[in-house]
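Right, one structure below, let's go through it.
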Protein chains: 2
Amino acid sequence: METIKKKTRARDTVARWNSCGFDVGLVPTMGALHQGHLSLVEASLSECDKTVVSIFLNPTQFGRDEDLDQYPRQTETDLRILKQMGVDMAFTPAKEEMYQENFCTWVVQEYLTEKLCGAFRPDHFRGVCTVVAKLFNTIQAKCAFFGRKDFQQAAVIKRMIRDLDIPITVRVMPTVREKDGLALSSRNRYLSQKERNSTACLHKALIAAREGFQSGVKDIDILLGLMRERLNKGGGIIKPQYTEIVAPDTLNRPETPSSSDIAAIAAFAGDTRLIDNMPLGGKNRDIYLNQAGNERV
Amino acid sequence: METIKKKTRARDTVARWNSCGFDVGLVPTMGALHQGHLSLVEASLSECDKTVVSIFLNPTQFGRDEDLDQYPRQTETDLRILKQMGVDMAFTPAKEEMYQENFCTWVVQEYLTEKLCGAFRPDHFRGVCTVVAKLFNTIQAKCAFFGRKDFQQAAVIKRMIRDLDIPITVRVMPTVREKDGLALSSRNRYLSQKERNSTACLHKALIAAREGFQSGVKDIDILLGLMRERLNKGGGIIKPQYTEIVAPDTLNRPETPSSSDIAAIAAFAGDTRLIDNMPLGGKNRDIYLNQAGNERV
């Protein structure tokens, strides 16, 4: 595995692969890799000829009061895991490599970014769109892999790709969950044991909305009520920020829910902000880890 | 010459050229081609193996009260000229091809876009950056050609390319001028004969700043005064919007001018907005047409 810090070298390497006719896959990450990231890496390894994993803790997607400083950093461990998996390139630029002096150009999006998490994190998606566009321009991959856990992020990025004509395909992969349903996130390691014990209620709330819908409840307010009721069983430790049901393309709340609509939650456990989502209909395609599933990390 | 309206077909054609190792040049235009555009096309034809000229009257870079509706359209003539010159592809997308339903992603830039023209045309450079990013993503050229007449536009685009890591090189080509110094612009055809007779004062004002600087005047206010005085000789027909001297990288007014700084003017002749600029130092590399120079258009 090549570990590359410079954009020009990364670009040249990928250009060489492209000129050989290899399909290149890109997995953008902020490091602190967990089984959720690794499922994206596995998808790229199996679908593409060459796999690039970027590790860049992007400061511009964190708000002033958010957790940039505490965000877990474990680059050596991450690189060891990626090498073992057979990744071809780790792209690990420094902040100064990605944001040069007098940086002043941003990719912004209206509408989709104003809803759900965007309503509470005003510049978050500006930072996400900008860094992802930069990564796409640097690593000219055929396909990029994102996790469905960050459902709004995937919707925003797909819209950005369409609107800006970026020549890349996005694959959105199933959420990976702990055995009790907690969606894997680098932020889970912030949780105290007591908080961790309460977090399964997010998953249970999503399941409650699904079960309600699938048993015939077509009233949004009732479905939202089911979710909130389940969240409240977090014993006061889980503080919901939003509970929503939205259409997957517009992120608007539908008048009458349909099976492709998404139940989505953001909640705090102490200072830790957790998000999760699940479609109301269809098969639950999420991946639930058993104890043995965690061995890579 | 292929004339292509669809982004996917244009992209595929260019990808084929790239895979053959051809250097592709792109000349983005809004049509209504004049000798200024054609000098960009000639540069691309001589420097690149394949030349793509885009003709797209981009609505998003016009303000609500600006001249989108009147802007000259002459696509058949433009295509005939480009074909005669040996251009390989004309990319002529419709508005709906470039801006799909629910379009909501924009490339925005701070600082550089707030100065000069940007101060008077608030969303102009958002429209320019967005459409140029889209064209760069669709036509994956090695090199793009822009005119120095739109000096701020070139500075903004170069900064966008740097900030977003877009893999393309920009070449900024000399301003082409009528014999009396008026910079060529598609908007010049709006001018009445009486207005046209007064427009040479823009060029004379820039020359006055140059001559002042080169004869030893190092006081910005005096240089700006020389420019304004010359503009006022437009007989009341020319109404200046701004007269400025700026550093080429920051677009800030320097405390003491240097030879790389740029004298820049925007002015109205009737309803027609004209812009022009010239560096204070160095050789005047602009191209002045004689009567015989216009034969292509």
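The values are calculated or read from the model by the stated rules, or taken from the named source; none is laboratory data. Small disclaimer: the values here were computed from a predicted structure and weren't measured. Every residue, glycine among them, receives a Cβ derived from its backbone with ideal geometry; neighbour counts consider all protein chains shown. Areas reflect the complete protein model, heavy atoms only, side chains present, ligands, DNA and RNA absent. Shrake-Rupley method; radii C 1.70, N 1.55, O 1.52, S 1.80 Å.
All conditions in (1) away from every other protein chain (no Cβ under 14 Å); (2) polar (S, T, N, Q); (3) open to solvent by 10 Å² or more (accessible area, probe 1.4 Å) hold for B:T169, with the sole exception of (1). Please determine, by comparing only the residues of the range A:140-162 that are in contact (Cβ under 8 Å) with a residue 40 or more places away in the chain, charged (D, E, K, R) and within 14 Å of chain B (Cβ to nearest Cβ), which one is least open to solvent (accessible area, probe 1.4 Å). Among those residues, the one meeting the criterion is A:R159.
Quick grid of which residues meet (1) open to solvent by 30 Å² or more (accessible area, probe 1.4 Å); (2) within 14 Å of chain A (Cβ to nearest Cβ); (3) within 30 Å of B:Y242 (Cα to Cα):
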{"residue": "B:S44", "(1), (2), (3)": "no, no, no"}
{"residue": "B:L57", "(1), (2), (3)": "yes, no, yes"}
{"residue": "B:F62", "(1), (2), (3)": "no, no, yes"}
{"residue": "B:L68", "(1), (2), (3)": "yes, no, yes"}
{"residue": "B:Y71", "(1), (2), (3)": "no, no, yes"}
{"residue": "B:A90", "(1), (2), (3)": "no, no, no"}
{"residue": "B:E101", "(1), (2), (3)": "yes, yes, no"}
{"residue": "B:V107", "(1), (2), (3)": "no, yes, yes"}
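Evaluation of B:S39 against the conditions (1) under 30 Å from A:V108 (Cα atoms); (2) open to solvent by less than 40 Å² (accessible area, probe 1.4 Å) shows that the sole unmet condition is (1).
For the range B:249-283, how many residues are touching a residue at least 24 places away in the same chain (Cβ under 8 Å), in contact with a strand residue (DSSP E or B) (Cβ under 8 Å, 6 or more places away or on another chain), in a loop (DSSP other than H, G, I, E, B) and open to solvent by 50 Å² or more (accessible area, probe 1.4 Å)? Total meeting the criteria: 3. Sub-8 Å Cβ pairs linking a first residue in the range A:112-125 that is without any contact (Cβ under 8 Å) to a residue 40 or more places away in the chain to a second residue that is of a type in the set (S, T, N, Q) and open to solvent by less than 60 Å² (accessible area, probe 1.4 Å), at least 6 apart or interchain, are A:G118/A:Q152, ordered by first then second residue. If you go through the range A:46-55 and keep only what is in contact (Cβ under 8 Å) with a residue 40 or more places away in the chain and either in a helix (DSSP H, G or I) or open to solvent by 10 Å² or more (accessible area, probe 1.4 Å) (or both), you end up with A:E47, A:C48. The single condition from (1) within 12 Å of chain A (Cβ to nearest Cβ); (2) in a helix (DSSP H, G or I) that B:Q84 fails is (1). Every condition in (1) more than 14 Å from chain B (Cβ to nearest Cβ); (2) closer than 30 Å to A:T13 by Cα is met by A:K134 except one, and the failing one is (1).
Of all positions in the range B:212-227, none carries a residue that is in a strand (DSSP E or B) and in contact (Cβ under 8 Å) with a residue 40 or more places away in the chain.
Give the residues of the range B:109-139 that are buried (at least 19 other Cβ atoms within 10 Å of the Cβ) and at positive phi, sorted by residue number. Of everything in the range B:109-139, just one residue is buried (at least 19 other Cβ atoms within 10 Å of the Cβ) and at positive phi, namely B:L116.
Taking the criterion of being surrounded by fewer than 19 Cβ atoms within 10 Å (Cβ to Cβ), within 14 Å of chain A (Cβ to nearest Cβ) and closer than 16 Å to B:V132 by Cβ, would at least one residue in the range B:19-34 satisfy it? For the range B:19-34, residues surrounded by fewer than 19 Cβ atoms within 10 Å (Cβ to Cβ), within 14 Å of chain A (Cβ to nearest Cβ) and closer than 16 Å to B:V132 by Cβ: absent. For A:T8, indicate whether it is polar (S, T, N, Q), open to solvent by 60 Å² or more (accessible area, probe 1.4 Å) and within 14 Å of chain B (Cβ to nearest Cβ). Considered against the rule, which asks whether it is polar (S, T, N, Q), open to solvent by 60 Å² or more (accessible area, probe 1.4 Å) and within 14 Å of chain B (Cβ to nearest Cβ), A:T8 comes out as yes.
Evaluated against (1) without any contact (Cβ under 8 Å) to a residue 40 or more places away in the chain; (2) surrounded by 14 or more Cβ atoms within 10 Å (Cβ to Cβ); (3) in contact with a helix residue (DSSP H, G or I) (Cβ under 8 Å, 6 or more places away or on another chain), A:G235 falls short on exactly one condition, (2).
Listed conditions (1) open to solvent by less than 20 Å² (accessible area, probe 1.4 Å); (2) farther than 21 Å from B:G281 by Cβ are all met by B:G212, apart from (2). Take the residues in the range A:183-202 that are surrounded by fewer than 21 Cβ atoms within 10 Å (Cβ to Cβ) and closer than 21 Å to A:F145 by Cα; name whichever of them is farthest from the other protein chains (Cβ to nearest Cβ). Filtering the range A:183-202 for residues that are surrounded by fewer than 21 Cβ atoms within 10 Å (Cβ to Cβ) and closer than 21 Å to A:F145 by Cα, the one farthest from the other protein chains (Cβ to nearest Cβ) comes out as A:R187.
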